[in-house]
1. Order the peptides 233-239, 301-307 from the highest to the lowest mean number of other Cβ atoms within 10 Å of their residues.
2. With a cut-off of 8 Å between alpha carbons and a minimum separation of six or more residues, what is the relative contact order of the chain in percent?
3. Considering only DSSP beta bridges where both residues belong to the range 19-172, give the percentage that are antiparallel (nearest 5).
4. Of all beta bridges DSSP finds with both residues in the chain, what is the antiparallel percent, to the nearest 5?
5. Any idea what angle helix 74-88 forms with the longest principal axis of the chain, computed on alpha-carbon atoms, 0 to 90 degrees, nearest 10?
6. How large is the dipole of the chain about the Cα centre if only Lys and Arg carry +1 and Asp and Glu carry -1, each at its Cβ, rounded to the nearest 20 debye?
7. Percent of accessible area on the chain owned by carbon and sulfur, 1.4 Å probe?
8. Mind ordering 22-30, 243-251 by average Cβ neighbours within 10 Å, highest first?
Amino acid sequence: MRIPEFFDPAKARVFSYAPDYEILRKEASRVVGTPSEGLFQRAHPRVLFLGVDCQKDFCFPEGRLYVGGRSGTGAMDDMVRIAEFLYRNAETISKTIMTMDTHELFQIFHPAFWIDRETDTFVRPYTEITVDDLPETPGGAGKYVPNPHIVDEVFGGSYGAFLQQVRFYCRQLEAKGKYTLMVWPEHCLMGSDGHPLVGIIEEAVTFHGLLRHTRPHLQIKGGHPLTENYSVFSPEVRELFTGDPLINESHEQFVQHVLSYDAIVIAGEAGSHCVKSSLDDLIEIVKGRNPADLRKIYLLEDCTSAVTVPDGKGGFCVDYTQPMEGAFARYRQDIHVVRSTDPMEAWLEL
């Protein structure tokens, strides 16, 4: 399918851009005829596009946690390529699922959750906290402590137990070897202007839904105050320090739905974190159930970027590009790593 005339890639750089639904409805009717005709309705094969966290806070310099990559325009360029990919392949893609990072103020990865003992203020964004930075008891030595004023808000127990839980959490993260706890700027807060989908992505998935008569699905993640949830398939930590469950809800129904498709195409932000963690989990799940299904997973490597933070001197004080690239090289052993700009029929195996 041709990219529709209403699409303007320059809008990928406009934080406030919102699609005109009247234009989308008219253009969809022009392409497929009357809505009842449903020219793109095909039962098989079923191809899923899973878009990870294509939200304003990640995808614009005005956002609170902009994923600029080393180029400085990473996420904005990624959103253009994702939108164009959806338009060009609307006849092949059966369904879109867009994950939505959804947070609140007091979460374990946000500044107000923590107190810097040296300054007696909230910790600064991009502070890395390890278990060795924390006191073993409320009065013990340590660089950082959890905010004592939010115990009832996020934990509901004693401060001593709260401290044991955050120590346990940091220890669990470090034992897994994927991440240590990073304190991020407040981002994707529910109700904030950075939470919605990027305008050109909202436009593309809505237009796809009108063409295919299928509802764009939004999958919420990240709401628990005591764990990160980079992956759409599972939080980073599921247990309390007591051994009791931290999170009771199961992701099994969502996993089964995703795996019901004949092909799963994944892109979004950030390649170093939420895309990577989602793929790590999905690959592990598939290996445990039916390893042959790994070949139906596709990563659009040119539609995702790494978290970087410029240091103001021409370099970066935070740069996750190398871990992302290492993960992508590893993925090639199990799944397809492809480019959105190559014709889909050249790499899609059905």
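The values are calculated or read from the model by the stated rules, or taken from the named source; none is laboratory data. Owing to the predicted nature of the structure, the values given are computational and were not obtained by experimental measurement. Glycine gets a Cβ as well: all are built from the backbone with ideal geometry, and neighbour counts include every protein chain shown. Just so you know, the surface numbers come from the protein's heavy atoms only, side chains and all, with ligands and any DNA or RNA stripped out. Shrake-Rupley method; radii C 1.70, N 1.55, O 1.52, S 1.80 Å.
1. Details: 233-239: 19.1, 301-307: 25.3.
Packing order, densest peptide first, comes out as 301-307, 233-239.
2. 24 percent
3. Antiparallel: roughly 50 percent of the beta bridges in the range 19-172.
4. Antiparallel: roughly 35 percent of the beta bridges in the chain.
5. Once rounded, the angle reads 30 degrees.
6. Dipole magnitude for the chain comes out near 860 debye.
7. Working: 7530 of 15130 Å².
Roughly 50 percent, rounded to a whole number.
8. So the order, starting with the most tightly packed, is 22-30, 243-251.
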